[in-house]
Structure formats: structure tokens, C-alpha cells
1. What number, in nm² with one decimal, is the all-direction average of the projected area of the convex hull of the alpha-carbon atoms of the range 176-321?
2. Could you calculate the FRET efficiency of residue 256 with residue 183 from 1/(1 + (r/R0)^6), where r is the beta carbon distance between them and R0 is 56 Å, rounded to 0.05?
3. Please report, to two decimal places, log10 I(q)/I(0) for the range 72-126 at q = 0.12, 0.25, 0.28, 0.29 Å⁻¹ as given by the Debye formula with identical point scatterers on the Cα atoms and no solvent.
4. Where the centroid of each part is defined by its Cα atoms, how far is the range 85-147 from the range 210-252 in Å?
5. For a bin width of 5 Å, list the pair-distance distribution of the range 237-285 built from all Cα-Cα distances, rounded to whole %.
6. Using a Debye calculation, one point per C-alpha and no hydration shell, please list log10 I(q)/I(0) for the range 48-97 at q = 0.20 Å⁻¹ in order.
7. 7 Å from Cα along Cα→Cβ at both residue 132 and residue 201: what's the point-to-point distance in nm?
8. Please work out how much length the chain gains when fully extended from residue 157 to residue 225, using 0.36 nm per residue of separation minus the C-alpha to C-alpha distance, in nm with one decimal.
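Since every read-out is calculated from the coordinates, none of them should be taken as a lab result. In this text, all values refer to a predicted model and were calculated from it rather than measured experimentally. Here the Cβ is made from the backbone with ideal geometry for all residues, glycine too, and neighbour counts use every protein chain on show.
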Amino acid sequence: MTRHLAFRLAPPLLIAAALSAAAAFASPARAQPTLRAEALVVSDVVTLGDLIEDADIRSGAALFRAPDLGKTGSVPAAAVIEAARRAGVADVVAGSITEIAVTRLSREIGEAELTDAIAARAADELGARAEDLRVTLDAPGPLHLDPSAPERLAIERFAVDRRSGRFEAVVTAGARAAPRRLTGSAVETVEVTLAGRALARGDVIGDADLVVERRPRAQNPDAMAPAEARGLAARRSLREGQPLRDSDLMRPQHVDRGAFVTLVYASGGMSLSLKAKALQSGAQGDLVSVQNLQSRRTVSGVVTGPSEVTVTAAATAVARR
């Protein structure tokens, strides 16, 4: 009796198992929708498929506004799950994810590329060299464009004030890129020679005493080039970092007023040297008055070297600086 029952029950169990296996083979289980930890988007809206894997045919449904180009924002996981439920996608698996980082991709134009383009345009307007212009943006940093805009940066409109250097520019990168407005200043600069250390009167300037910086031309109309300052001496005390001007410098003083000098009388290929006292200071080539200590006579001669004054029959006055 027992064996007969077992025989009668066995076929239904086998049939059920076979049908279950056939169903599993014919229709594999659909993957459960799962939250992404981060999303990279290219459009101005975030879709269901950007935030959830396996969102099925509803993946294109718009959920949120995307961040600005090149920016990253975060969306709470609970808000995404609720938005998905309203869109018809239920049972979204969040796991340990509490928020999703959303980054909007962009094509970045660096600040250097922006300022170079503006400098080239401003140079045409101001009649200056682009490399001499210092461009400063009111909102520094890169410019982010839609990644579908592969064309080069172009300046559609540009206006600059010649006196202040203030400019307004509208830039774009092709028909599909929205124009962007930029403001700032474009100032012409010039190389300015500065004192590299504190200088006392009479200090002779060498290469180590000079520093060169680019500064606004309008504020430094009489700026000196390093070659003009090299070898000259400070006419007065100068502080470190002070711009050097022609009026600040003089030829090195070889003779100081009140100092003893060698007085040389030169005539007909012969010379006589005497001790004298300088009554004036002078640089190489200057005409100064000295007193002959033997005769007490005052004569005029030309400074011909350190502590040396020469008197010749053909001596002429040299303009003093």
C-alpha cells in the first residue's frame, strides 16, 4: 500500500520540477534596479538611468536638473528612490549608499587660454604688443563649455577703455556653445628696473643690485632698462625695491669734495703730479676745481680716474650730470 502511494505521487513532483526548470531557462530573472554611487552626465537634466542601474525602459525619464557645467552636486538616495517610485520603478536597492555624487561633464578652457585670447584682441584695440599686456579677469578660473562644442575659442564682441584698460568680452566656442560674458582689465606693462638692495649715495650698481619686474606703463613712464642703470651710482639713498629713474642715478664719483687728489699737469708729452684738495665732487670726465696745496692756487681740471684730476692746455668743460 505504501509503495503504491509513492508511485502515484512521484509523477506530479517530477512534472512540477521540470516545469520550474523550463520556466527559469526560458525567462531569466530581471536584475533588480540598484543605485549608482556616482553619475557623470552630459545634458542639463539627470535621468533615471544616470542614477539607477537596470532602470529598464524608464531609464530616460528626467528626474532632476543637472549641476552647472564642470560642477559636482549630490542627491540624497532617499530622494532618488522616491523619484524612481513615482516614475514607475520600485524596489530600488540602495545598499550602503546614502547620496549620489552627480558631475556634469564639460570642455574646460583654462584661464591662460582665455587671457591669451583677450590679450591678442586687446593688443589690436590698444596698439600694443600682446605679450606686454597683463590681463586680469574679474571672475578668474577656467571657462566650462558643453562637451559637444569642440571648436576653438572665439571672441564675438569686445570693448576696452583705453585709459583704464577695463574690457568687456563675449566669447563662444561654436554655434552649439552658449556665449559667455567676461569682464576684467587689460593693462600695458613695461619692464621696470628696481633696486635689489638698499643703496647709499655713491654706491655703484652692478647686476646683483638690480631686479626687473613688469609693471603698468602708465605708472612708470620713465622706467629704466637694466642696461641703462648698470655701472651708474646712486645719487641719493635708495630703498630696496624702489624703481630706478634717471634722476636717481649718476656716473660714479671718482672725486669727493674736500678729499685729497692727485693733480696731474700734462703738456707736450710730459706730466707733473702734485697733491691737491678737491673743491668739488666729480665723476669721470667732469670738470672740477681743485686747490694746489703747494701754491694754494685754484685750478680747474678734468676727473680722469679715482682721486685723479688732470689739467691740460686743451681742457674743456664737460656738462655735469
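1. The Cα convex hull of the range 176-321, projected and averaged over all directions, gives 13.5 nm².
2. After rounding to 0.05, the efficiency reads 0.50.
3. Scattering profile of the range 72-126, log10 relative to I(0): -0.52, -0.97, -1.05, -1.08.
4. If you average the Cα positions of each part, the centres end up 42 Å apart.
5. All Cα pairs considered, the percentages come to 5, 16, 17, 18, 14, 12, 7, 6, 4, 2, 0.
6. -0.69
7. Rounded to a tenth, the inter-label distance reads 3.6 nm.
8. 20.8 nm
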